[in-house]
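The structure appears below as structure tokens.
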Amino acid sequence: MGTSTIKLTRKIQLLVDLPTQEERKEALSKLYDWQYNCYRASNLIVSHLYIQEMAQEFLYFSEGVRYKLLDEKKSENGIFNRSRINTTYRLVSDRFKGEMPTNILTHLNSTLLSSFRQNRDAYWRGERSVKNFKRDMAFPFSSEGVCGLRYDEEKHIFRFRFFSIPMVFYLGKDYHETRKLLHRLMEGKLKLRTSHLKLEKHKIYMHAVFEFEKEKHKLQPDKIAEASLSIEYPIIVKIGRAKLAIGSKEEFLHRRLAIQSARKRVEAGVTYAKSGKGRKRKTKALERFKNAEYNYVQNRLHVYSRKLIDFCVKHQAGTLVLMNQEEKIRIAKEEAFLFRNWSYYDLTMKIKYKAEKAGIELIID
């Protein structure tokens, strides 16, 4: 039986909510210190986990060495003086306690231990190397890291404290979905699960994970919707006698090719553009097309998948079947034009997420 909740991740930019430039710079420096400590702690944790796991492979130890990975109080051959999960936590806690919140260290330790266990067999067979973390890694934290979330009616912004640092959510042009999620979080209608904070080019981003109840609709599990993805029509769905064609080739493919052609024309003209201030001035027109194609495609795929799920809900279809999907993906991979311009996989993933959210069972044939 599936869970009654679903998780949604949103990348939201944060701004330090302090009055002076010096205070903001100091707060940002503290975040960079936390990130650097997490980078060091992560490499220490996985190194110790690997050594613990491979202890019995050290055949050059004497025969009297005990190597059972248990607390010595629970087993006579145990080599630990505490639980295994606590060994690595105490390692980083003793080294970094007082320099950063222990909440971050706790969730960093549990996250890495869970990931290590998933890859344990591959490490044992020598098919995978131990993870090596980078200095700009994102670090985890729980809902305890977001304290005192409130909405400022005067300035129309959400304020909170990231542990001890005053912050605000910078929503930019997103005045709808993310704003609604934050309002629901304040009202207790959804929960904030273990999320991550990442620093990129002196900007702060939170990868917030929201957990909420699935939508409840009156669906009939035995009522099946059959959908087909094609190049002529992005989606064709049939439920009994009801049939719907969503989108068209002209709307999706032709518009995408038009954006590609426009970009090529601009690239050809960049050589003859006025320089003045070097590369940035010459490529100014080209920058407008940087994400134009990607944004257009993502928007269309969201619209198509939304219309499909709404059609299923309207006709109370509890099961959605994507017909001959694997065969179409195989054909698209063999055909260079289709592989470049038709987004079968992205569309399937968006349908999968929206179907799960609506409580519809998805079957990929």
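Here are some notes:
- Every residue from the range 119-163 that is in contact with a helix residue (DSSP H, G or I) (Cβ under 6 Å, 6 or more places away or on another chain), without any contact (Cβ under 8 Å) to a residue 60 or more places away in the chain and of a type in the set (A, V, I, L, M, F, W, C): 141, 149, 158
- Candidate set from the range 90-100 (those that are surrounded by fewer than 17 Cβ atoms within 10 Å (Cβ to Cβ) and of a type outside the set (Lys, Arg)); member that is farthest from residue 163 (Cα to Cα): 94
- Residues that are within 28 Å of residue 358 (Cα to Cα), touching a residue at least 60 places away in the same chain (Cβ under 8 Å) and either touching a His at 6+ places or on another chain (Cβ under 8 Å) or surrounded by fewer than 17 Cβ atoms within 10 Å (Cβ to Cβ) (or both) do occur in the range 240-251, at least one of them.
- Verdict on residue 225 being closer than 27 Å to residue 319 by Cα and surrounded by 14 or more Cβ atoms within 10 Å (Cβ to Cβ): yes
- Of all residues in the range 143-170, exactly one satisfies the criterion of being part of a loop (DSSP other than H, G, I, E, B) and surrounded by 15 or more Cβ atoms within 10 Å (Cβ to Cβ), namely 163.
- Strands (runs of 3 or more DSSP E) within the range 174-246 that include 2 or more residues more than 18 Å from the chain's Cα centre (by Cα) and at pLDDT 90 or above: 220-228, 235-239, 242-246
- The numbered conditions (1) closer than 16 Å to residue 108 by Cα; (2) modelled with pLDDT of 90 or more; (3) aliphatic (A, V, I, L, M) are all true for residue 49 except (2).
- Residues (at positive phi and in contact with a Lys or Arg (Cβ under 8 Å, 6 or more places away or on another chain)) located in the range 190-228: none
- Residues within the range 254-287 that are at pLDDT below 80 and either open to solvent by 50 Å² or more (accessible area, probe 1.4 Å) or touching a Pro at 6+ places or on another chain (Cβ under 9 Å) (or both), tallied: 12
- The range 288-365 holds helices (runs of 4 or more DSSP H) entirely within its bounds, and those carrying 1 or more residues that are open to solvent by 40 Å² or more (accessible area, probe 1.4 Å) and at pLDDT 75 or above map to 292-314, 344-358.
- Those residues of the range 75-126 which are of a type in the set (A, V, I, L, M), outside any helix (DSSP H, G or I) and at pLDDT below 90, in sequence order: 79
The values are calculated or read from the model by the stated rules, or taken from the named source; none is laboratory data. Quick caveat: nothing in here was measured; it's all calculated off a predicted structure. Cβ coordinates were reconstructed from backbone atoms using ideal geometry, including for glycine residues, and neighbour counts include every protein chain displayed. The area values use the complete protein model at the heavy-atom level, side chains included, leaving out ligands, DNA and RNA. Shrake-Rupley method; radii C 1.70, N 1.55, O 1.52, S 1.80 Å.
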